[in-house]
Structure formats: structure tokens, C-alpha cells
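> Below is a structure I'd like to ask you about.
Every read-out reported here was derived from the displayed coordinates using simple, explicitly stated rules and does not represent laboratory data. It should be emphasised that the depicted structure is a prediction, and the values quoted were computed from it without experimental measurement. Here the Cβ is made from the backbone with ideal geometry for all residues, glycine too, and neighbour counts use every protein chain on show.
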Amino acid sequence: MKIIVCMKQVPAGTKVDIDPETGAMKRLSGETRTNPYDLFALEAALELREKLGGTVTVLTMGPPQAEEMMRDAYAMGADDAVILSDRKFAGADVLATSYALSQGIQVLKDADLIICGKQTTDGDTSQVGPAIAEHMGIPHAAWVGEIVDADEKAIRVRQNLASVTQLSEIPYPCLITVDKDMCVPRLPSYLLKCASAERPVRVMGFDDMLDHDLSRYGLIGSPTAVEKMFVPPESEKQVYLEGDSSKKSAELFAILTGKKII
């Protein structure tokens, strides 16, 4: 079985840089981490590989610095890693991002199962996974809380939908998006990290895609218009109260109510 896991680097904290002209987030600045939901997706893929055999390939779209995340995926047990990196992909919304990823998956060929995290912590749309499936014309199941069973022909999952739980059986090729806590992501292995230190991380650009229509990618291919985006002002004001409990309680009451202490 060939499994592809879509992953993403997201800002590690609240400090992010916004391009004032496009409203897009500057991905080359600030600390990043692996999107937490994607770790559950990778673990689900590794467990399926252990049961059914095959390979696990990790795919991401982003700047070259995403290699650090891919190295961590190797240390967890991934077999291959691919980064879609090209200035033509920059500024993509959900539609353009999912289209580029679907193109990358088709270039990799013969994927039986695609697994995505339910959402990303920097977007929270929960739409990229299902959109990839729609672009590829394959069935999908979103908000998967449990993989009930899987064999060489189909996967059976439990979906945690808004008001009901649904059991679904989906034939390959297909895509699922997994929720958090459906499994426990394994820690990176030092032995695997050493063993994969020289393993290449493949980088693909616009020229590697099957479709070279620029209107489908990046900022040009993004119909979503961001009217305004800004970083909220930081507030680190702290007040220290001194004295015994009675005095501090009175001061706190005065602060909260705006009344002066007599």
C-alpha cells in the first residue's frame, strides 16, 4: 500500500509577520513547528503500514526550511519526503493550496490512501483535505476519530460529525482527514534520525506539476480576497500586589471596580 501524508509547518507562537500588500503570512520568518493534527495523520499512516505493508510518503507545500519538519518525519518512520516549493505557489488560499497538493500527489503516482490532519492551527478551515479529494475525483471521509479496520481493498472509519457518529467504508484510492487523539503519535527515534541523515528530501516546483496553468496556483489562483489582516497588539502589562491577604484583596477589588481605597 502506498500512503501519502500531507503535512504543514505552522507558526510556533503568536508572533507572525503579515505582508501588508497581499495580507498573506510571511512563512520565512518566525519560529515554526509541525501542525499538531498532522502528527496524528502520520502516526495513523505508520500504524497502517505496520499492518498492511507498503510505504509512507510525507508531502508538504512551503519554503525550503520545511526540510526540518521532513527530517522529523523520517525520524518517526516515514519512508520518503517531498516538498512543493516554488514562488509561484506563494500566497495560496485553500483552493490553490489543495490544487497544488493534488497535483503533487498525482506526480508521485499510484497513491492508495491520502491522510491529512483535520485542520491546521494557522487556518482552521478543515477544507484542504476534502478539497484535495475533490480535485482528484476520489472519495473521502472527514473528521475521522478512529480507523476501525483496513485491508487491501478498503478502509473502514468512524467519523465524528457535528451531531452524529458515522461508520464509513471507503474503497481505495481515497482520502481521510483525522482528528486529534485518535492515536498517540510516536516520538522521533534517534536511531532512525541517524539512519536517515543522508536520505534526500525531494523538492518539486511548478515545472514538475502536470498542469502548468498559472491561474490555478498561488496568489493568482486564490479567489479568496483578504480585506484586512493584522497582528493583535501584545499586552504584557502586569500588576504586582504586596501586603497581607486583606490588603491585596482590597487593592484587587479597587482595580477591578475602579473604586479608590479609602
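> How many nm is it between the label spots at residue 122 and residue 184, if each spot is 7 Å from the Cα in line with the beta carbon?
3.0
> If you don't mind, another one. Which net charge results when you count Lys and Arg as +1 and Asp and Glu as -1 among the other residues whose beta-carbon is under 13 Å from that of residue 201?
Residues close to residue 201 contribute a combined charge of -3.
> Using all C-alpha to C-alpha distances in the chain, build P(r) with 5 Å bins and read off the rounded percent in each one.
1, 6, 12, 16, 16, 14, 10, 7, 4, 4, 3, 3, 3, 1, 0, 0
> Extending each Cα 7 Å along its Cβ direction at residue 249 and residue 167, get the distance between those two points in nm, one decimal.
Taking the two extended label points, one gets 5.7 nm.
> Calculate, in nm to one decimal, what residue 226 and residue 55 gain on full extension: separation in residues at 0.36 nm each, minus their alpha carbon distance.
Details: separation 171, 0.36 × 171 = 61.56 nm, distance 3.87 nm.
Gain on extension, residue 226 to residue 55, equals 57.7 nm.
> For a 21 Å ceiling on Cα separation, which of these pairs sit above it: 2/180; 118/153; 118/228; 8/180? Provide the component values of the computation, followed by the final result.
Values: 2/180 23 Å; 118/153 23 Å; 118/228 26 Å; 8/180 15 Å.
Listed pairs above 21 Å: 2/180; 118/153; 118/228.
> OK, next. Residues with beta-carbon under 12 Å from that of residue 121, excluding residue 121: net charge, scoring Lys, Arg +1 and Asp, Glu -1? It would help to have the intermediate numbers written out before the result.
Details: positive: 8, 33, 118, 180; negative: 38, 122, 124.
Neighbour charge sum, excluding residue 121 itself: +1.
> Suppose a student asked you for the relative contact order of the chain, using Cα pairs under 8 Å spaced at least 6 residues apart; what percent would you report?
RCO, the chain: 24 percent.
> Could you give the nm distance between label points at residue 214 and residue 239, where each point is 7 Å from its Cα heading toward the beta carbon?
Between residue 214 and residue 239, the label points sit 5.7 nm apart.
> If you restrict to DSSP beta bridges whose two residues both lie in the chain, what percentage is antiparallel, to the nearest 5? If you can, show how the numbers build up before the last one.
On the way: 16 of 41 bridges.
That works out to approximately 40 percent antiparallel.
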